[in-house]
Amino acid sequence: MIEFSQLYLQRSRGTVACVLLIALATMSCEQSSVLADSKTARALDDKADSAKSVKAKFTSGRSAGQLVPSFFVRAVTGPLRNKSVCYVCRNGNRPVIMFLTRRLTPKLAELLKATDELVDKNRAAGLRAFGVLIDDEPAKSVSKLQTLAFDEKLSIPLTASTKVVCAPVCQNVHEQAELTVVLYKKRRVVKTFAFRRSELDSKDIRRIIAESRRLISLDEEKESSTNKRSTE
């Protein structure tokens, strides 16, 4: 009877020890899983932060304050269509929004539409804009630009040019830039925006339009300040 009790006790202890080992192993697995998930989340956050940092550092176009060089393009839409035109020359000292793109996309169409409306409302203030589609064979861009202008009912002139416009001595367009937006007035760069392939989003469009409005408001503020000093 005593031997049986001792055997039973030993087996019970063994069962308890086994249960404890299984519990500890389960806890260890759960902790490992939580740790792995935490590391994965941190890695994703670091990747997202890195992507934002890279996007923020990516630049294309001439630096703020630099002169915008004159260059000729083939006008595809607008009153000067089918002619070789220098819109930098024609727009003179006016505030201008210039688009240099390698591809036509729905988001670009949305941006051009918003810009067209902004220019139409502020034409009296001198605001102008034009777009340049960069292609080694500009002749192939004609139908694409005509379709875009028709579909979006755009009034701003759309043009075509070769990669010559990308040269550092010209507009200094980054080789990875799908879209470069240049805001300038008095032929001096005020601000630029650069986007790689498919980077342009709705938030960027709102930001570009807001900065474009500042091209006019800066002139209005300066004029107001001048008038105030003259009356004093």
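Determine, yes or no, whether SER143 is more than 22 Å from GLU211 (Cα to Cα) and either out of contact with any Pro (no Cβ under 6 Å at 6 or more places or on another chain) or at pLDDT 95 or above (or both).
In short, yes.
I'd like the full set of residues that are at pLDDT below 55 and either in contact with a Leu (Cβ under 8 Å, 6 or more places away or on another chain) or not charged (D, E, K, R) (or both), limited to the stretch 45-80.
ALA48, SER50, ALA51, SER53, VAL54
Can we say GLU152 is over 20 Å from the mean Cα position of the chain (by Cα) and modelled with pLDDT under 95?
no
The values are calculated or read from the model by the stated rules, or taken from the named source; none is laboratory data. The structure presented is a predicted model; accordingly, all values stated were derived computationally and were not measured. Positions of Cβ are backbone-derived with ideal geometry, glycine not excepted, and every protein chain shown enters the neighbour counts.
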